[in-house]
Amino acid sequence: MTSSEALHLAAQLDEHHAPETNGRIPVCRRCGARTDSPTGVRHVVQEGREKRASEWLIAQSRLRDIAQSQLLRGD
C-alpha cells in the first residue's frame with residue numbers, strides 16, 4: 001500500500017517534469033525516483049523514499065528562485 005504522502009510527492013514530480021528513463025530501467029534520470037514502467041509514464045515514490053523526493057523538489061525550487069533572482073539583478 002502506498003501512503004498518501006508518497007502519492008502526493010509522485011504527483012508533484014509529475015507536475016515538475018515528465019519522467020526521463022533510458023527505456024530499460026524504471027528510474028527517472030532527472031530526479032532518481034522510480035517510474036511506473038521502464039518507459040516512464042509517471043513517477044512512483046516508494047514508501048521510505050518520500051524524504052529524498054521532497055528534498056529534491058525543495059532543491060529544484062531553490063535553484064529556480066536563484067535563477068530568477070539573478071535575472072532580476074542582471075547577473
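Numbers below:
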{"read-out": "Hypothetical label at Arg64: residues of segment 1-32 whose amide nitrogen lies under 18 Å (7 Å Cα-Cβ projection)", "value": "8-20, 30-32"}
{"read-out": "Charge context of Asp14, other residues only, Cβ under 13 angstrom, K/R +1, D/E -1", "value": "0"}
{"read-out": "For the chain, the spread of Cα positions along each principal axis, largest first, Å", "value": "46, 27, 16"}
{"read-out": "Per-residue HN-Hα couplings for segment 43-48 [Karplus 6.51, -1.76, 1.60; θ = phi - 60°; Hz; x = Gly/Pro]", "value": "7, 9, 8, 7, 4, x"}
{"read-out": "Vicinal HN-Hα couplings computed from phi for segment 10-20 (Karplus, 6.51 cos²θ - 1.76 cosθ + 1.60; Hz; Gly/Pro x)", "value": "4, 5, 5, 5, 4, 5, 5, 7, 6, x, 10"}
{"read-out": "Accessible solvent surface per residue of the chain, calculated while the other protein chains remain in place, 1.4 angstrom probe, Å²", "value": "72 Å²"}
{"read-out": "Contour excess over end-to-end distance, with Cα ends at Gln12 and Arg73 and 0.36 nm allotted per residue", "value": "19.0 nm"}
{"read-out": "Backbone HN-Hα couplings from phi across segment 23-40 [Karplus 6.51/-1.76/1.60, Hz, Gly and Pro as x]", "value": "x, 10, 10, x, 9, 6, 5, 7, 10, x, 6, 5, 10, 5, 7, x, 7, x"}
{"read-out": "Cα long-axis angle, helix 50-73 against the chain (0 to 90 degrees, to the nearest 10)", "value": "20 degrees"}
{"read-out": "Under-5 Å amide H pairs with Arg30, H placed in peptide plane, nonlocal only", "value": "Glu20"}
{"read-out": "Solvent-accessible area, 1.4 Å probe, carbon plus sulfur percent, for the chain", "value": "51 percent"}
{"read-out": "Ranked by how many other beta carbons lie within 10 Å on average, peptides 30-43, 49-62 from highest", "value": "30-43, 49-62"}
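The values are calculated or read from the model by the stated rules, or taken from the named source; none is laboratory data. Computed from a prediction, not measured in an experiment: that's the story for all the values here. For neighbour counting, all protein chains shown are included, and Cβ atoms are generated from backbone atoms with ideal geometry for every residue, glycine included. What goes into the accessible areas is simple: the full protein's heavy atoms, side chains included, and nothing from ligands, DNA or RNA. Shrake-Rupley method; radii C 1.70, N 1.55, O 1.52, S 1.80 Å.
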